[in-house]
Amino acid sequence: MKEPLVPQARAPQPRAPQPREPQPQAPRPQAPRRGDELAASPAPKRASNPRTKAQAQDSRVHNRALVLATLYHGSAMSRAELSRVSGLTAPTVSALVADLEADGLVADVEPPRDSGRRRGKPSMLVAIQDDAVNLVTLDLSPAGAFRGAVMNLRGKVLARGRVPIGDALGAQAAALVPQLAAELVAAAPGRVLGIGVASPGIIDRQGVIRQAAHLGWNDLPVAAGLADAFGVPAHAGNDVNLAALAALHFGRTTAQSLMVVGIEHGVGAGLIVDGKLVEGEQFAAGEIGHLTVDPDGERCVCGRRGCLDPLIDAARLKERLAGATADERASVLSTAGVALGRILAPIASALNLNEIGVMGPADLVEGPLTDTAQLTARAYTLSPISASLHVRSLSSDLDLPLLGAACKVLSGELGVL
Ligand SMILES: [Zn+2]
């Protein structure tokens, strides 16, 4: 996205009850607080009940994520401040911080020198260690090659890898995924926290690629395969969905509802509504490629006529643009933009979206295609929607799917997103 590249601290996504952005709070009542059960001496009778044990474990996992998320989205803070912001008791915070320190995820740091005139030794602050662990991220969507990166906890790229795929399909293409992962795991300077995969296709919550037609994959358990091969947790998601998550979490937009449209390997969209990814009942939310633009249009591979996919798919556009003059080129891309805009308008209206990004080759996406898509989508929507609706090219942000894969690991392993 070109305009609102506003890096910003962001409140954690409201999955499990998690902390909001640290902010001044009214004094909390002294009623029982979350985490007290962890600070209390274990009661043998209760602990012998497996269910109680499981609840205590859940609570510990939750509280650990709460402390990490508070630090990840805020700045370094003292244990007392962490207790106040998180709502956990001081002993619970101390125990969790000790645990996280042992894992290397947080460390004590000196407070800034000008942080107050109080006498005596100031409290040490607890800070997230951004480089303590590494994330290995893979993007299986680019044409011609799988890409990957080693990242720190903030998505900073520490190393990159790439494996050409040529004409590989099915098992042959699938074998290249652990090959690339192995290269990146070996390049990681620190412990690998987990592997995240952004792949084209329909992918379920267990990280099984149910269908990725252009790679010839059906029911490929990509996450489980990588977890088994490397002994670390692995997560996978649809590339466009993950790009949308990355736009949300890595400061590409200030919007909490947005849509990313990909035009390579078929046309698909990732939807974020109120800060949450919308996956749909069959994990196929955003499959907009075969919506009808023109009922009398050309016959599509799906059997219907005038679908969006053949009108804006990158490979089909390239075919149509071969040998075109500049005027013809602008005309073809504008026609594609009109088709996209027609499909975007009802979606933007239904969800009151302000931000729609288009991913694909820059020479196709930037210019007439996105400009006309925006004009058309605006023309087909009422002014309260259209006035703030922006359709932008994301083609220069090549790392978005990789950053989205990092989001999957950060969310799945640390609970900070
Ligand atoms: Zn179709």
Helix 170-187: angle to the longest alpha-carbon principal axis of the chain, degrees 0 to 90, nearest 10? 40
Taking other Cβ within 10 Å of each residue's Cβ, how do C307, C407 sort, fewest first? C307, C407
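Summing Lys, Arg as +1 and Asp, Glu as -1, what charge do residues with Cβ under 10 Å from the Cβ of D103 carry, D103 excluded? Don't jump to the answer; show the numbers that get you there.
Details: positive: R64, R191; negative: D99, E101.
Counting the neighbours of D103, the net charge comes to 0.
Can you tell me the alpha carbon radius of gyration of region 177-292 divided by the globular rule-of-thumb value 2.2 N^0.38 Å? Spell out each step's value before the answer.
Working: Rg = 14.9 Å, N = 116, 2.2 N^0.38 = 13.4 Å.
Compared with the compact-globule rule of thumb, region 177-292 sits at 1.11.
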Between the Cα axis of helix 90-102 and the main Cα principal axis of the chain, the angle (0 to 90°, nearest 10) is 60
Given points 7 Å out from each Cα along the Cα-Cβ axis, report the D103 to L158 separation in nanometres with one decimal. 1.6
Diffusion constant of region 119-203 at 4 °C, which comes from Stokes-Einstein with the Kirkwood Cα-pair radius and 1.567 mPa s, µm²/s: 90
By average C-beta atoms within 10 angstrom, highest first, the peptides 172-178, 255-261: 255-261, 172-178
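What per residue convex hull volume, in Å³, do the alpha-carbon atoms of region 336-388 yield?
66
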Using only the alpha-carbon atoms, how far is helix 326-351 inclined from the longest principal axis of the chain? Give it as 0 to 90 degrees, nearest 10. 50
Computed over region 254-393, the Cα gyration tensor eigenvalues, each multiplied by 5 and square-rooted, give semi-axes in Å (largest first) of 23, 18, 14
In 10 Å bins starting at 0, how do the alpha-carbon pair distances of the chain split up by percent? 5, 20, 27, 23, 15, 7, 3, 0, 0
Among P200, T92, V358, which residue has its Cα furthest toward the positive end of the charge dipole of the chain, with +1 on Lys/Arg Cβ and -1 on Asp/Glu Cβ? T92
Tell me the label-point distance for the pair A322, D131, using the 7 Å Cα-to-Cβ offset, in nm and rounded to one decimal. 4.9
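Provide the packing ranking of 292-305, 135-148, i.e. peptides ordered by the mean count of other C-beta atoms within 10 Å per residue, highest first.
Taking the mean over residues of other Cβ atoms within 10 Å, the ranking is 135-148, 292-305.
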D for region 70-187, whole µm²/s, Stokes-Einstein with Kirkwood Rh over alpha-carbon pairs at 4 °C and 1.567 mPa s: what number? 75
In the chain, if the dipole is taken from +1 on Lys/Arg beta carbons and -1 on Asp/Glu beta carbons about the Cα centre, which of P189, T335, A224 is farthest to the positive end? P189
Place +1 on the Cβ of every Lys and Arg and -1 on the Cβ of every Asp and Glu in the chain, take the dipole about the Cα centre, and give the residue among H73, S141, S386 whose Cα lies farthest towards its positive end. H73
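So how do K156, K408 line up by other beta-carbon neighbours within 10 Å, fewest first? If you can, show how the numbers build up before the last one.
Values: K156 12, K408 28.
Taking fewest neighbouring Cβ atoms as first place, the list is K156, K408.
Evaluate the charge dipole of the chain about its Cα centre and quote only its size in Debye, nearest 20, assuming +1 on the Cβ of each Lys and Arg and -1 on the Cβ of each Asp and Glu. Let's see the in-between values first.
On the way: 41 positive and 41 negative charges, 369 e Å.
Rounded to the nearest 20 debye, it is 1780 debye.
Only the coordinates and a few stated rules stand behind these numbers; no lab work does. Quick caveat, the model's predicted, so the values are computed rather than measured. Methodologically, a virtual Cβ is constructed for each residue, glycine included, from the backbone with ideal geometry; neighbour enumeration extends over all protein chains shown.
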